[in-house]
Structures are given as C-alpha cells and as structure tokens.
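Each remark here refers to the structure printed beneath this line.
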Amino acid sequence: MLSSLAGVLFDGFAYGMLLFLLAVGLSVTLGMMNFVNLAHCSFAAVGGYCTVTVVNRLGWNFLVALPIAFVVGALIAVVLERALFRRLYRSSDLDQCLFTIGIAFMSIATFAWFYSTEPQSARIPSYLLGSFELLGRKFAVYRLFLMLMGLAITALLVLSIERTRFGAQVRAAVDNQRMARGLGIDVDRAFMITFALGGGLAALGGALAIEVIGLESTLPLSVILVYVLIVVAVGGLGSIRGSFVAAIVLGITDTAGKYYFPWLGAFLIYLVMVALLMWRPMGLFGKR
Amino acid sequence: MENARFKPLEYAFWACTLLPFVVTPAYLSLGSQIAITALFALSLDLILGYAGLVSLGHAAFFGVGAYAAGLIAKHYWTEPLSGLVVAAIAAGIAGYVLSHIVVRFRHLALIMLTMGFGLLLFEAANSASDLTGGADGLQGFHVPGVLGFKFDMFGRTAYAYALAVLFLCFLVARRIIHSPFGLALRGIRENAARMPAIGAPNLAHLRKAYTMAAVMAGIAGAVLTHTTSTVSLETLSFGRSADVLVILILGGAGRLYGGIVGAIIYMVARDQFSGVAPQYWYFWIGLLLVAVVMFLPNGILGGLSALRKKSQ
C-alpha cells in the first residue's frame, strides 16, 4: 500500500492541477460579481474541441493548439459576458443558475451537432507519451507535463494578482465591490478581463484534459462541473490560494479513493464536501 | 390575501385533465408521467416558489419515496395505497432530518449542500446494490392494481391513479398556501430579516415547509414505482433534480399551477422533439430556459397573468 502511495500522490497532484485550471476562473469571477456561472465547463469543452480541430483537422502540433485554445476560450467568454451575462449580475442566484444551465444545455447540443456525441481525442506528440522511471517507480510523462504547466500558470497568476496594478484592482473588487467602485476602479472592465482569463484558463484546462478524462459533448454538465463547483465552494469565493489547496486535496482524495476504495465511488468526495461546507459555509479561505 | 375559492378556470382545467381518456388514449402513459412530474414540481414549488429555498437535490426525496414503495412491494405487500403512506413517511423523515441542516444556509452553500446530499444519496443507493439493485435498479416485483382496478396495458388505471393523487396533493398544497402558515412562508421569501422581528420563527417554518415538500416528492416517487413496477437509479439522479427545477421555472415558480403547466409543456415537448433527434433536444430546452429567465421572469403563467392585467 505504501509503495503505491507515491504513484497516487503524483497522479492526484496532476489531476488536482487540472481541476485548478478549470476552476480558478470561476472562483475569482464568483468572488467579484457573485455571478453563479454553471456554464463554466462549456469553456473547457470549447478548448477541448478547439484542440481536436487544430490537431486532427489542421494537423498542427498539440503544443501549438494549447495557446489557440486559450485565446478562443477567452474570446468566447468576452462575447458571452458582454452580450448576455452582464444583464444578470443583479438577478437572484436562482435566475443566474438557470440562465447558465440553459447556456450549458445549448452548448452541449451545439458540440453534438458539430462533433457528434462520440468521445473525441487529439494526437499528442510522442515525447509527451510514455513514462519515465524514478527510484524504481514508473511515472507518466504527460502527468509531469500537466503538473509543470499547472505550477507555471499558478505562479504567473499569483504574480499578476499580487504584483500588478490590474491584480490590485481585482483584489479590491473581490474584497468589496462597492468600495472599489467608489475609489474609481472600473470594476466592470476588471471583471470582463477576469472573466476572459477565467474562460481562457478553463479552455486550456479542457484542452489538457482530453488525454486524462476524455472529451464528450456532455462535458459542460458532467461530473467535472460538480468537481469544479466543489473546488470553488470549498476553496472559498475569490481565493486563488483556496482554489489551489482545494483542487490539490480533491485531486489526491479522488485518485486515492479510486485506487484504495473503488467500491465507495465518489461517495467519499461528496461526504468530505458536505462536511466541509457545513463546517465553513464560506469555504476554507473564504472571507464572506 | 387572494381568494382561496376555486375559480371557474380552475374547474375547467381539472375537467380538461380527464380529456386524455377519450381524446388521446394512446398517450395515457405519457399522461401519468406528466401527472407524476407535476406533483414533483408542485412539491418543489412549496420550498422554492413560496419559501424561497433553492434546491438542486430535490430528487433525493423523490428517490427515497420511490425506493421505499419499491422495497415494500418487493418484500412485504403489493397494495399500493398503504405503500404510498409508508413511502410518504420515509421521505418525510429524510426531509425532516435534512431540513435541520439545509435551512441554515443561503446562496452558493445552499445550492452546493442540496446538490451534495442528492449526490450522496445517489452514490449510497448505487453502492448498496444488495438492497437497491444498484445500477440495474430495483426489479422483480409487480403491483397488480389499485382499489380493485388492474393496471392495464393502455395505462388507463395508471393515469387515473396518478391524476387522483396529484389532485389530492394539489388540494393539500392549496390549503397550505392559503393558510396563515403559507403567508408566513411568503413573508420569509420576501424579507428573511423582517419576519423574525414580527415574531415569526423563520427556521421552524422553513423546516416544516421543507418536510412537507419532501413528503409530497416522496409520494410522487411512490406513484412512479407503483405505475411502472420498477425503480431505477435515475429517480435519485442529479438530472432529475435539474429537470424539475427547469419545469417549475418554465411554468412559473410561486404559483400553484406553475409546476403543472411546466410539466405538461416540458414533457409533451420532450416526447415530440426527442423522437426526432434526442441529442438536440437540449438545445431547445436551453434556449427556452434562457428566454424565460430574460423575458418571462415569472415563468409562462406569470407572463400570461401580466398580459391579462395589461389588457384589462
């Protein structure tokens, strides 16, 4: 059991990084505008399908497809935010939930229309496949790649939030939106950019996830959305650090649960989430 | 307070529910599905429409009722009415226990907790396959009929049974809504801070409403079990919780007929559209949801009554 622990931790950490990429945008935008966006995983599917198109139809390299997925996801997020979502910032939670579920439903049907309901895959360069050996144990190269990507993006995010002027505006808007407006910060603009970044990161996550969890047209409302919501709710709204910790814990718990207690299914995850939320309804690192 | 008497339009509506027996006898089994879904939506309306408690896990109680009825029919007796009572009690107990936790939370935590409990129950039922049959569902029992009428292959008895239960539960819900207790619930929905100030015990009221809604959802689940003589794991699924929410919003939350009208439109549309291309059905329901939220904030019934007020 102990000998497999390293493998479980490794895979769980890589999975957690993936969940973090998918969830971090939702967490920050929820913290800023209290906008419950259940269509967030549609951006992940956009990224996934974008990668499939670029790699399989155009024949470009997987590594080139990743930034393209990010940009396409961010662009679609901006368009949706400007055209639709901004009308709902003052609506009730329920209206926001229903509206975004409606968007997610429509995106599912649209993906099914263009790409059929069959699972899709994208060709990955051979140097990312296979495994390497360390201390007598085998580790998948792709998971290491996931981990490094995730850590690099996290570092970039933390730096830009902590060090830049834009980051300061975002933090101010999350802490107290009205006060930030009062100080002359253009919260709407900051929100739009954050929303675009969040959508782009989710698309990138979706592109990276093809190799790990697959890509089907139902992704926007699959169990991944539940996991993303768990990361956001448990981590605390608007907290990058909270999302990071929650995503890593969830990734490792889920991987360990599947490895050691397969008969429990996802029971363990839901139990932990319910217990944590009852203990701290605002999440581990949430302020409000 | 609005008049609690039956209006002429309501008599006409309930008379129309009898039409399928003569007009569309081929669709009677769809009719009983609609009646069951309408009852389920009505139960959600009690907590969401009137008390303002959002729930993304209401199928938990539907499923508890369905499994309770199924287990009784399989292991003890197949008389449905007493099974209905036991299922209602089981769902009520589940609702009462959960209500102590759920009513304390708001916003995202409430949504996540209701969803979490629903998912927990789903996973539990999936794992306890000795008791529930797991992913294959609970099978191997047959409910012959109700009150001496056999469940026939045309679904006549099934529709009558589902419709009668829906009507009785509707009368109860109507009574609750028009009582001072119902008024208190609406007060909590409108201003949760002011109600305690006039001496209303908010949490106790919400717990009561939550338990009542659970009982009603359990009854709906039990009727489904009795009319189909099988229980599938789907009765507990997240999809069912989301569907019923969509149905209620579509028809109009906070209105007694909202869930019923929503169920009729949703189920008939799904029956027609999904026959053509099931994977694109989601597009239209999504578009409908978006349109309802943007243009008809009180659902179809709310839009209609606004139209009527304007024309007067």
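Read-outs throughout are calculated quantities, based only on the coordinates presented, and are distinct from any laboratory measurement. The structure displayed is predicted, hence computed values, not measured ones. A quick note on method: Cβ atoms are made from the backbone with ideal geometry, for glycine too, and the neighbour counts reach across all protein chains shown.
Hey, what's the Kirkwood Rh for the protein assembly as shown if you take every pair of different alpha carbons, in angstrom?
25.4 Å
How far is helix A:165-175 tilted, in degrees, relative to the longest principal axis of the Cα atoms in chain A, given as a value from 0 to 90 rounded to the nearest 10?
80 degrees
Roughly what % of DSSP beta bridges within the protein assembly as shown run antiparallel, to the nearest 5? All intermediate terms of the calculation are to be shown ahead of the outcome.
Values: 8 of 8 bridges.
Restricted to the protein assembly as shown, the bridges split so that about 100 percent are antiparallel.
Would you kindly calculate the mean projected area, averaged across all directions, of the convex hull enclosing the Cα atoms of the stretch A:97-147, in square nanometres?
Quarter of the Cα hull surface area: 6.1 nm².
May I ask you to evaluate 6.51 cos²θ - 1.76 cosθ + 1.60, the Karplus curve with θ = phi - 60°, for each residue of the stretch B:195-206 and list the ³J(HN,Hα) values in order in whole Hz, giving x for glycine and proline?
4, x, 5, 9, x, 8, x, 3, 5, 5, 4, 5
If one takes the longest principal axis of the Cα atoms in chain A, at what angle in degrees, from 0 to 90 and to the nearest 10, does the Cα axis of helix A:93-115 lie?
The angle comes out near 50 degrees.
What stretch of chain B, leaving out the sites themselves, is the longest with no chymotrypsin sites (Phe, Trp or Tyr not before Pro) in a DSSP loop having at most 14 other Cβ atoms within 10 Å?
Of all site-free stretches, the longest is B:155-312.
Which whole-number percent gives the relative contact order of chain A, counting Cα pairs below 8 Å spaced six or more residues apart?
Details: 462 pairs, mean separation 109.2, N = 288.
Result for chain A is 38 percent.
For a Förster distance of 51 Å, can you work out the FRET efficiency between the beta-carbons of B:LYS150 and B:ALA204, rounded to the nearest 0.05?
Efficiency at R0 = 51 Å is approximately 0.70.
Grab the eigenvalues of the alpha-carbon gyration tensor for the stretch B:25-264, scale each by 5, take roots, and send me the semi-axes largest first in whole angstrom. Show your work: numbers first, answer last.
Values: eigenvalues 175, 79, 45 Å².
For the stretch B:25-264, the ellipsoid semi-axes come out as 30, 20, 15 Å.
For chain B, what does -39500 (n - 2.57) per DSSP helix run (n ≥ 4), summed and divided by total residues, give at 222 nm, in deg cm²/dmol to the nearest 500?
Rounded to the nearest 500, the figure is -23000 deg cm²/dmol.
How far is it, in nm, from the label point at B:TRP14 to the one at A:TRP263 when both lie 7 Å from their Cα along the line to the Cβ?
5.1 nm
Pop a pseudo-label 7 angstrom from the Cα along the beta-carbon direction at both A:ARG178 and B:SER82 and give the gap in nm to one decimal.
Placing both labels 7 Å beyond Cα along the Cβ direction yields 6.1 nm.
Which residues' amide hydrogens lie under 5 Å from the amide hydrogen of A:ARG137, considering only partners 5 or more residues apart or on another chain, with H built in the peptide plane?
Close amide H contacts, sequence-distant or interchain: none at all.
Considering the zone a paramagnetic label at B:ARG186 would reach in this model (a point 7 Å from Cα along the Cα-to-Cβ line), which residues of the stretch B:17-59 have amide N under 13 Å from it?
B:49-52
Based on the Cβ-Cβ distance of A:THR253 and A:LEU128, what FRET efficiency does E = 1/(1 + (r/R0)^6) give at R0 = 25 Å, to the nearest 0.05?
For R0 = 25 Å, the calculated efficiency reads 0.45.
Report the label-to-label distance for A:LEU135 and B:ARG104 in nanometres (one decimal), using points 7 Å from each Cα along the Cα→Cβ vector.
Computed distance between label sites A:LEU135 and B:ARG104 equals 4.2 nm.
Are there trypsin sites (Lys or Arg not before Pro) in the stretch B:1-110 that DSSP marks as loop and that have at most 16 other Cβ atoms within 10 Å, and which are they?
Hits after loop and neighbour filter: B:ARG5, B:ARG104, B:ARG106.
Could you work out the percent of alpha carbon pairs in the stretch A:15-218 separated by over 22 Å, rounded to a whole number? The partial results should precede the final answer.
Values: 10522 of 20706 pairs.
Considering the stretch A:15-218, 51 percent of its Cα-Cα pairs are separated by more than 22 Å.
Using 1/(1 + (r/R0)^6) with R0 = 22 angstrom and r between the beta carbons of B:VAL23 and B:ASP271, what's the FRET efficiency to the nearest 0.05?
Working: r = 16 Å, r/R0 = 0.71.
Efficiency for this residue pair is about 0.90.
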